[in-house]
């Protein structure tokens, strides 16, 4: 599996490179700005592109723009965006209409290597990964009185958050230490309470939940 | 008697008097009760309306007298030989001169041209007596017969101020009067004249002819000198002045030169018809003052009020630099008058807006009179020295306007220092913005990145501890990673407060959305993706974040809404809530803003709004607060992108 890494800070770029090599990836190219990244992705058509958002020359969002371009051009390439900040807006742009093979995580998640590598594999296999902090922000947004979200139980909120992070029922069950059957029941109740139509797959589920939370 | 009393004459510092507050009549009240009364009745009326015409009654009386004189003279000449229509050209010319003089006097009370014309009218009446049947009257006419010519020349020299300017001019005019009166003497001393002139001492036509020749030569020479002098003045005049002066000088010189010359050329040109000749001469000279009056009016000289009215006007009105200048221009009859102010602090001359300026070179034809108040130079009047020959009225005006000008000077200094203050505040704000941006970027590129790498190292440590089965090391590595994550979280919070990533990366709309996401009450955002200059975005973000903080702290609102929209000038930011209202930004920044609508509510969160108003003011924007008690609060900041 080939990976192209876009990151302008040398130390972190080298660190990421090591992590991916150890995970069995072939690091096809290292890019230090958005244009390099886009060129490398086009050339190598990797399984995965990992990129920072803020990169030279403007230090605004060229990494994100490159990621969006790659997602549009190379549907077979999964994209994982790493950033110092989690922005709701960027998540919405990344998910777009095709929430498969895409991830958006805070850079600091790299430190938990087991979790990070699991997330990387999930993205590579077409899954969706959203940072817990981002989901926390989405869930924590103030809502008018009587909003259906306020009627959810704590456990239902936990399930909803993990759904929004892109986790499968099995992963949610493992995380919450409950049976998968219980998870299915919780998910069904959440759907009912929020008035959401049951999603065809996990990606659609993420999109539906994120859209609901972004209202 | 004047209609507008000189309320402020007591303020003249040149007289060493103390200044008095405006409206204080001071000694005037005792000295001139009628004037004080007038002032009390109409303290704020403007000179343009009042344009005091103190001469009007006197002129009306004079006009009546002139009409009587004309009628009497016409009656005297009625049964004389010769065409009566020619003889009454004298009183007709006299009346024309009188009318011209009256108009000039009314239009420009401080100008002596009118007086010269009025004197000319008298001379014409006198000259008309030449044909009177009474020998004594006819003698008067004979003596002054040539004076109308001299007066015409006098007008030429005295235009436009009515005063003779320069030694040469005074000598020439004196010479012309001598030629017209003394050198004309042989004509009545040695010729019989009409009606048995009692002045005749001998019948010597040869001497009379000699006298006439001398008179013509001297007069011609003086007229030539006049032409040279006028041509010289024309060179120093502005184009606008030349347009007025040139036709006038040509007509004047032609009229004065042709009248005697035509007598000589009479035979060959006109045949022997003295009546026709005289009619032409009288018409040429008689209409001369009309041309002068036309020139005065064409020269843009509005009805002038005079220095006295100027002083009343200054006392009655809260004057500002331009009106003061205009009033001075009217009073002096010089539309080109300029005012310069002495900026003592900067040791240089400035105009009414505080911009640096220079006084003109005295040789440039511009005159300068310094204005002093309380012994200090506060300004200068720059006037047209070719128009105003005598600086005395300008000096008088300088005394009158001194305090008003000093006030203008202080205002100009204030405006300039306010502008400098605004610029320095903008620089300080920009420097603070730059610093915030630099700090946010350094944190992002430096510390945050290093901490992430350290977190990666901690993760690697954990893995190797795992591989070794070293539980203590694994727990330590986990704790270290969690510490690092907590540190990074705190750092993110710090960066959000310094300069949010969303603002730098996506602009105001994204930054507003991020702020709204973290609000404890439902907050919606209506914003486009437009980008604005960095100082505008920084100020806008400050406004949104402070206004939202105020909503949380003070408004007791159930929801808030943020609008960011592009306008023609820049950006308009609106933050509104449905809370208790009554917010006010007490302080000059708001008090000076007419749109501020605090409907008597007690202040709450005033200092926050005050800071907002200051921050918006620095970037040249405008903050308005609408916060009726119980009606929610709406804060609107309009920030221009220019400048």
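Under a plain spin-label model, where a point goes 7 Å from the Cα along Cα-to-Cβ, how far apart in nm are residue B:447 and residue A:14? For residue B:447 paired with residue A:14, the spin-label model returns 2.4 nm.
For segment A:156-215, report the convex hull volume of the alpha-carbon atoms normalised per residue, in Å³, without decimals. Don't skip to the answer; put the middle values down first.
On the way: hull volume 4.1 nm³, N = 60.
In segment A:156-215, the Cα hull volume divided by residue count equals 69 Å³.
Restricted to Cα atoms, segment A:74-199 shows a radius of gyration and a Dmax of 14.9, 44 angstrom.
Across peptide B:126-139, the mean count of Cβ atoms from other chains lying within 10 Å of each residue's own Cβ comes to 0. Within the P(r) computed for segment B:429-545, what percentage of the Cα pairs occupies the region above 19 Å? So the pairs more than 19 Å apart make up 57 percent of the total in segment B:429-545. Once the convex hull of the alpha carbons of segment B:158-224 is built, what does its volume come to per residue, in cubic angstrom? Convex hull of Cα atoms, per residue: 100 Å³. Placing R0 at 56 angstrom, the Cβ-Cβ distance between residue A:177 and residue A:72 gives a FRET efficiency of 0.90 after rounding to 0.05. Here the calculated FRET efficiency for residue B:614 and residue A:147, from their Cβ-Cβ distance with R0 = 45 Å, stands at 0.75, rounded to the nearest 0.05.
Quick check on segment B:462-588: of the DSSP beta bridges with both residues there, what percent are antiparallel, nearest 5%?
Working: 7 of 12 bridges.
Within segment B:462-588, antiparallel bridges account for around 60 percent of the total.
Would you mind ranking A:81, B:178 so that the residue whose beta carbon has the fewest other beta carbons within 10 Å leads the list? Intermediate results must be reported in sequence, preceding the final value.
Working: A:81 28, B:178 16.
In increasing order of surrounding Cβ atoms, one gets B:178, A:81.
The ranking of B:411, B:633, B:567 by Cβ neighbour count inside 10 Å, starting from the fewest, reads B:567, B:411, B:633. Taking a ≥ b ≥ c as the square roots of the eigenvalues of the alpha carbon gyration tensor, chain A is prolate, as a/c is not under 1.5 and a/b beats b/c. Annotation for segment A:100-149 versus segment B:427-491: alpha-carbon center distance of 19 Å. The angle separating the long axis of helix A:154-164 from the principal Cα axis of greatest extent in chain A is about 30 degrees.
Sorting A:26, B:396, A:62 by the number of Cβ atoms found within 10 Å of their own Cβ, with the fewest placed first, yields A:26, B:396, A:62. Using a simple spin-label model with pseudo-atoms 7 Å out from Cα toward Cβ, residue B:359 and residue B:489 lie 7.4 nm apart.
Once the Cβ-Cβ distance between residue B:467 and residue A:43 is put in as r, and R0 is 25 Å, what FRET efficiency do you end up with, to the nearest 0.05? Spell out each step's value before the answer.
Numbers: r = 36 Å, r/R0 = 1.44.
My answer for the efficiency is 0.10.
Placing a label point 7 Å from the Cα of residue A:114 along the Cα-to-Cβ line, the residues of segment A:153-188 whose backbone N sits under 13 Å from it are A:175.
Checking the a/c ratio against 1.5 first, then a/b against b/c, what shape does the Cα gyration tensor give for segment A:31-107? Write out the running numbers ahead of the final one.
Values: a/c = 1.72, a/b = 1.04, b/c = 1.65.
It is oblate, given that a/c is not under 1.5 and a/b is not larger than b/c.
A helix-only calculation puts chain A at -15500 deg cm²/dmol for mean residue ellipticity at 222 nm, using -39500 (n - 2.57) for each DSSP H run of at least four residues, averaged over all residues. Relative to the dominant Cα principal axis of chain A, helix A:180-194 is inclined by about 80°. For chain A, the longest principal axis of the Cα atoms and the long axis of helix A:62-73 meet at an angle of about 80 degrees.
Take every DSSP beta bridge whose two residues both sit in segment A:77-215; close to 0 percent of them are antiparallel.
A short reminder: the numbers here are calculations on the coordinates, not readings from a lab. None of these values were measured; they are calculated from a predicted model. Glycine also receives a Cβ, built like all others from the backbone with ideal geometry; neighbour counts cover every protein chain displayed.
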